[in-house]
1. Residues to consider are 123, 98; find the one that is at positive phi, crowded, with 20+ Cβ neighbours inside 10 Å and at pLDDT 80 or above.
2. Which condition number does residue 214 fail, the rest of (1) closer than 26 Å to residue 128 by Cβ; (2) modelled with pLDDT of 90 or more being met?
3. I need the full set of residues from the stretch 235-261 which are under 13 Å from residue 222 (Cα atoms) and in contact with a strand residue (DSSP E or B) (Cβ under 6 Å, 6 or more places away or on another chain), in order please.
4. For the stretch 91-114, name all the residues that are out of contact with any helix residue (DSSP H, G or I) (no Cβ under 7 Å at 6 or more places or on another chain) and within 16 Å of residue 219 (Cα to Cα).
5. Against the conditions (1) surrounded by fewer than 15 Cβ atoms within 10 Å (Cβ to Cβ); (2) farther than 24 Å from residue 94 by Cβ; (3) at pLDDT 90 or above, where does residue 133 fall short? Just the number, please.
6. Quick one: which helices (runs of 4 or more DSSP H) lie wholly within the stretch 26-117 and hold at least 2 residues that are more than 18 Å from residue 12 (Cα to Cα)?
């Protein structure tokens, strides 16, 4: 499928790439670690038939700048706040995949006025468990081995093979997304940004950030949780835990699908998301503000 053209905006001196199409209520798609706006290519056009769909490349990822600096969840949430202001979007439904789910939850926590709805897709930040490979990358000194594990020549040749197979009508979406992430780490600046980002949320023992104790704060937001029952990166048990922790949330577990529902089962994903958008209204913040939500005595 052809990619939508990339637009660019400069924020605080750093260029941010994004893909945007459609009109109507805004929907922002946030990719995961080592990902980019390309991960949404199979669903972006259909979603844009009735919505203003915006898929940014987070700083340190894709075609966006990769500066030295803060790659914490809080910094990404603040960056999204500034990005939405720069492109004149006052609020949106926030859809986050994997690490992007953690960013989405952080944005809803820090800047609830920007979030109309919350959609978590195979989201991080909901439990300790995560794949062994991601835990290994956080080991001390792992960054020095990464140039050997992710050589540019292998990445380029592998990408050529996937492109060739795609032209023949042969595709394996899950492997394709994993390869796209792998190949992105062949670049030096990409690797540096990736290591700084992943060490902010994962350690050798598992995920270090867990939003479960604060998810009740999202009770005022219409929330959809989408997961694949064969996710081998973040277990589907996290989906059920999040569903229990967010009153009124909707849960959709897709059978036979792995960590990339939007790429592996795009038609099902779009159907579920568009139905959710059509049958919910943007959330309204509690009049008492955060203090009331926190149940402060």
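1. Numbers: 123 fails: at positive phi.
The conditions single out 98.
2. Unmet for residue 214, out of (1) closer than 26 Å to residue 128 by Cβ; (2) modelled with pLDDT of 90 or more: (2).
3. Once the filter is applied, which keeps residues that are under 13 Å from residue 222 (Cα atoms) and in contact with a strand residue (DSSP E or B) (Cβ under 6 Å, 6 or more places away or on another chain), the stretch 235-261 yields 243, 246, 249, 250, 251.
4. 104, 105, 112, 113
5. Only one criterion is unmet by residue 133, namely (3).
6. 44-47, 99-110
The values are calculated or read from the model by the stated rules, or taken from the named source; none is laboratory data. Fair warning: this is a prediction, and the values are worked out from it, not measured in the lab. Note: ideal-geometry Cβ built from the backbone for every residue, glycine included; neighbour counts use all protein chains shown.
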